[in-house]
Amino acid sequence: MSSCRLKSLLAAGFLLPSVIAVSANDSFDGRPALDIDLYRAMQSEGINQWPLQNVNLASVDGVTKYLHTEVIAEHVVGDSERNQRKYGIDAFAKIRFKVKNPSSVVTNRSIVTQVNFGPFVTFDSGKATNPLTQTLIKAHGGFVGVQKQQDPRWPYRTPYYWFSVTGWCPNVPYFKVPMTRHRAEQIISNRSSFCPQLEGKLACERSSGDCVYEEGACIAKDPAPECLNYTSASGHPSHVLGGLCPEGDKNLVTPSGRRGCTYSYSEANQVSIDKVAGILDEDCSGRRCTSWIDFRHHCSNSDYRRKFNPATGRLEPFKYCIEYDISPPCQADCTKAECQSVPESEKEIGLPFWRGRCKDEENIARAAKVEASFPAPQAKISVATTKSTSCVFETPGICAPAPGQGGNYCTRQWGGICSNCYVPGTQVAWPATHMAYCPYDILSSPDYESSPHPTCSTSNPRDLCCLYTGECSLTGSDLASAPLDEDGFALVVSSGNSSAVATFLARVVESHGRSTDPERLASFAETQTGSSPRKGASLEIAIQRMTAMNISVDRTTIVTSTATSTTSFTTTTTTSMGTVPFLDIRTGGEHQAPTPSLNPSAGLGLNDVISSRDEAQGSSLLAILISFDVFGGILSIGSVVAGVMLLQRHLSGWPRDPQARTDAWKLVLAAMASREHVDV
């Protein structure tokens, strides 16, 4: 096989871990060997074909993020005539690893990372690119490294990690490695038996291909001088063997943590990305699409034949169907004002599976779908800490909390790695607010069940701390009758029961004269729950999002009609439709609406017009509404309610003539502002 072919097959993809457990067979320094599920995005033809070494890794969240930000965005990839995804990636692979790092790494405070791992090593085509990490490898041999990740292009509420596994010849690209470790060891063994038996310099030089004469002795010649050697201080005067255990390729042997054996792995399972992303469910000229390239050329949905122009940032027609693309400002950074000012309908284009890249709950759901696409493993790995998988090896240490305060705690909840977290709302505020909020059950974990609890600033569930300590003024028995405010919301969300959350949100919406879509509400409620609180979450924000997503909608009224002479519609006056109250979550009550916001991306609605009943405001609102096509998705269609729906029904479509659109809006808004409504 040519080096170019080998390079192309090995280059693409990341490996990604998920969860952790302890191996019963332990040895060496007393720390356990850990089981981790890893994932890789790669060409399906390369799965299980070559040893996995000198590669970078991440969690299941990480493989999803990698594809989303680096592989599929059409205007970023650039090559419009390609016949495959970037790097030819078409499959996810899932592999179970066993990991036990050298004692010299995990007991060295200057380099140990996340309790059980070493520093992360960046590999490019199999070569460790940072000279500093090559120095560490020469001193400690092959180890598994880890690094916490975050990316403003892909919001995610909990930590996820990238990993690295160091193998044979880590200082040389794959396509320049002279031979395998096994072959090199065989040659050295044979030469070490043969060369010392040769007497004299002349005899040694006759076998110069295998032997070399040095300091009066004939010794074995190094068969792979290009490959990295240990430093003399390491005590190993030979090549760095790497971390892949002998017989550990597709064979889950328990690593010893000694030289040449820090990890092993099982045979990989794989699933098609086309299947996970929904390409195989799309229509291609009256049949189901069979592949990425079939979808690209033959998809029936014309909406997919668009992409973003990187220069203008605008959507433009494209001759091929695209899997996904995102507005250039959001491709750069979801958190910047330039991205947040882009209307939702203009942020993304492509398959539903990939939409919502700038929303953390959508990314969490997406990663969960990738994980769920694989068959359930025979032996599921637990993320719970036990005495043998403890994160607390020393006090003080990175996982030992300060007395009475909110941190430093550690959990294995995310990726199976000892991840720092803190309890919010403590009397002494924890300063490292960049950390994630701990799982609700952190204080009952084996590492901390005997430790003093942090001191909470209040007993209000909205301040979160008491949900950890069990000292809230409300309890879990109050879910069905929880008050319709921020305290009730925080309490119900902490239960982890999405049905209870849906019921609570429905009660809030109904208490203000609105209705909910039960099916969509159930899906939305699932995004509000989790093993830990969401930073920035609140009932106020949840209701706002439900309204924007048409999960919470205004109720309509049945009215009687009278004729109008100015148009082909009829208008009617209602005696039952009062002023729609403005929902104020902070007080839990109602009051008349303030001056409506005229920001179309925030979702303009008839509530603003009805409650204000102000001709000047109505005129300003009319001008903005005319400027934005309701059916383009910028506005919240649910909030526009009866007027627009009936108008559309009468016209069998939105008026194309600008003057007709203006007249139509004037009729609808004028009628609504005077508490009348259109009837056909």
Going by what's in this entry, would Thr158 be described as within 32 Å of the chain's Cα centre (by Cα), closer than 29 Å to Asp249 by Cα and open to solvent by less than 30 Å² (accessible area, probe 1.4 Å)?
no
Pair list, Cβ under 8 Å, 6 or more apart: the range 282-300 residue closer than 21 Å to Gln43 by Cα, other residue at pLDDT 95 or above and basic (Lys, Arg):
Trp292/Arg85
Would you check if there is a residue in the range 513-529 being within 19 Å of Ala500 (Cα to Cα), assigned to a loop (DSSP other than H, G, I, E, B) and at pLDDT 50 or above?
yes
Find the residue count for the range 530-542, including only residues that are surrounded by fewer than 20 Cβ atoms within 10 Å (Cβ to Cβ) and assigned to a helix (DSSP H, G or I).
2
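Filter the range 108-131 for residues that are open to solvent by 40 Å² or more (accessible area, probe 1.4 Å), outside any strand (DSSP E or B) and touching a residue at least 60 places away in the same chain (Cβ under 8 Å) and give the result. Please lay out each step first, then the result.
Within the range 108-131, the first condition is being open to solvent by 40 Å² or more (accessible area, probe 1.4 Å), and the residues that meet it are 108-110, 112, 122, 124, 127, 129-131.
Restricting the remaining residues to those that are outside any strand (DSSP E or B) gives 108-110, 112, 122, 129-131.
Thr122 - this is the single residue of the range 108-131 that is open to solvent by 40 Å² or more (accessible area, probe 1.4 Å), outside any strand (DSSP E or B) and touching a residue at least 60 places away in the same chain (Cβ under 8 Å).
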Which listed residue is in a helix (DSSP H, G or I), open to solvent by less than 60 Å² (accessible area, probe 1.4 Å) and at pLDDT 95 or above, from Asp294, Asp325:
Asp294
Of the residues Leu228, Leu280, Leu252, only one is aliphatic (A, V, I, L, M) and open to solvent by less than 20 Å² (accessible area, probe 1.4 Å); which?
Leu228
In this structure, is Gln149 within 26 Å of the chain's Cα centre (by Cα), open to solvent by 10 Å² or more (accessible area, probe 1.4 Å), at pLDDT below 90 and among the polar types (S, T, N, Q)?
yes
Of the criteria (1) open to solvent by less than 30 Å² (accessible area, probe 1.4 Å); (2) farther than 23 Å from Ser419 by Cβ, which one Gln134 fails
(1)
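In the range 173-187, is there at least one residue being of a type in the set (Gly, Ala, Ser), more than 30 Å from Ser532 (Cα to Cα) and in contact (Cβ under 8 Å) with a residue 40 or more places away in the chain?
Quick first cut of the range 173-187, residues of a type in the set (Gly, Ala, Ser) only: 184.
When the remaining residues are screened for being more than 30 Å from Ser532 (Cα to Cα), the result is 184.
Keeping just the survivors that are in contact (Cβ under 8 Å) with a residue 40 or more places away in the chain gives 184.
Within the range 173-187 (the criterion being of a type in the set (Gly, Ala, Ser), more than 30 Å from Ser532 (Cα to Cα) and in contact (Cβ under 8 Å) with a residue 40 or more places away in the chain), the answer is yes, since at least one residue qualifies.
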Quick test for you: out of Arg355, Arg288, pick the one residue that is in contact with a helix residue (DSSP H, G or I) (Cβ under 9 Å, 6 or more places away or on another chain), surrounded by fewer than 20 Cβ atoms within 10 Å (Cβ to Cβ) and farther than 25 Å from Ile541 by Cβ.
Arg288
Within the range 516-529, restricting to residues that are open to solvent by 30 Å² or more (accessible area, probe 1.4 Å), touching a helix residue (DSSP H, G or I) at 6+ places or on another chain (Cβ under 7 Å) and not acidic (Asp, Glu), the one that is farthest from Pro439 (Cα to Cα) is Thr516
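Within the range 302-338, track down each residue that is closer than 30 Å to Leu280 by Cβ, under 22 Å from the mean Cα position of the chain (by Cα) and not acidic (Asp, Glu).
Just the residues of the range 302-338 that are closer than 30 Å to Leu280 by Cβ, to begin with: 302-310, 315-328, 330-331, 334.
Subsequent filtering for residues that are under 22 Å from the mean Cα position of the chain (by Cα) retains 322-328, 330-331, 334.
Selection gives Ile322, Tyr324, Ile326, Ser327, Pro328, Cys330, Gln331, Cys334.
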What are the residues in the range 487-513 that are open to solvent by less than 30 Å² (accessible area, probe 1.4 Å), in contact (Cβ under 8 Å) with a residue 24 or more places away in the chain and over 27 Å from the mean Cα position of the chain (by Cα), if any?
Asp487, Gly488, Phe504, Val508, Val509, His512
Collect the residues in the range 333-345 that are open to solvent by 20 Å² or more (accessible area, probe 1.4 Å) and closer than 26 Å to Val276 by Cβ, keeping them in residue-number order.
Glu344, Ser345
Ser104: closer than 25 Å to Ala400 by Cβ, at pLDDT below 95, open to solvent by 20 Å² or more (accessible area, probe 1.4 Å) and not in a loop (DSSP other than H, G, I, E, B), yes or no?
yes
Filter result for the condition that a residue is touching a residue at least 24 places away in the same chain (Cβ under 8 Å) and in contact with a Lys or Arg (Cβ under 6 Å, 6 or more places away or on another chain), over Pro152, Pro170, Pro159, Pro102
Pro159
Of the candidates Cys218, Cys195, Cys227, the one satisfying the condition of being over 29 Å from Lys127 (Cα atoms) and not in a helix (DSSP H, G or I) is Cys218
Would you check which residues across the range 309-332 are in contact with a Lys or Arg (Cβ under 6 Å, 6 or more places away or on another chain) and acidic (Asp, Glu) and list them?
Asp325
Of the listed residues (Ala93, Ala21), the one being at pLDDT 90 or above, buried (at least 22 other Cβ atoms within 10 Å of the Cβ) and assigned to a strand (DSSP E or B) is Ala93
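With touching a residue at least 24 places away in the same chain (Cβ under 8 Å), farther than 27 Å from Pro246 by Cβ, among the small types (Gly, Ala, Ser) and surrounded by 22 or more Cβ atoms within 10 Å (Cβ to Cβ) as the only criterion, which of Ser44, Ser59, Ser80 stands out? Can you show your working first?
Numbers: Ser44 fails: surrounded by 22 or more Cβ atoms within 10 Å (Cβ to Cβ); Ser80 fails: surrounded by 22 or more Cβ atoms within 10 Å (Cβ to Cβ).
Exactly one of Ser44, Ser59, Ser80 is touching a residue at least 24 places away in the same chain (Cβ under 8 Å), farther than 27 Å from Pro246 by Cβ, among the small types (Gly, Ala, Ser) and surrounded by 22 or more Cβ atoms within 10 Å (Cβ to Cβ), namely Ser59.
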Given Ser208, Ser264, which one is assigned to a loop (DSSP other than H, G, I, E, B), among the polar types (S, T, N, Q) and within 24 Å of Val177 (Cβ to Cβ)?
Ser208
The number of residues in the range 436-465 that are within 30 Å of Phe393 (Cβ to Cβ), open to solvent by less than 20 Å² (accessible area, probe 1.4 Å) and free of Cβ contacts under 8 Å to residues at least 60 places away in the same chain is 5
Quick one: count up the residues across the range 397-424 that are over 25 Å from the mean Cα position of the chain (by Cα), at pLDDT 85 or above and of a type in the set (Gly, Ala, Ser).
3
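The values are calculated or read from the model by the stated rules, or taken from the named source; none is laboratory data. The shown structure was predicted, so the numbers you read here are calculated from the model rather than taken from an experiment. Cβ sites come from the backbone with ideal geometry, for glycine too, and all protein chains shown count toward neighbours. Calculation scope for accessible area: heavy atoms of the full protein, side chains included, ligands and nucleic acids excluded. Shrake-Rupley method; radii C 1.70, N 1.55, O 1.52, S 1.80 Å.
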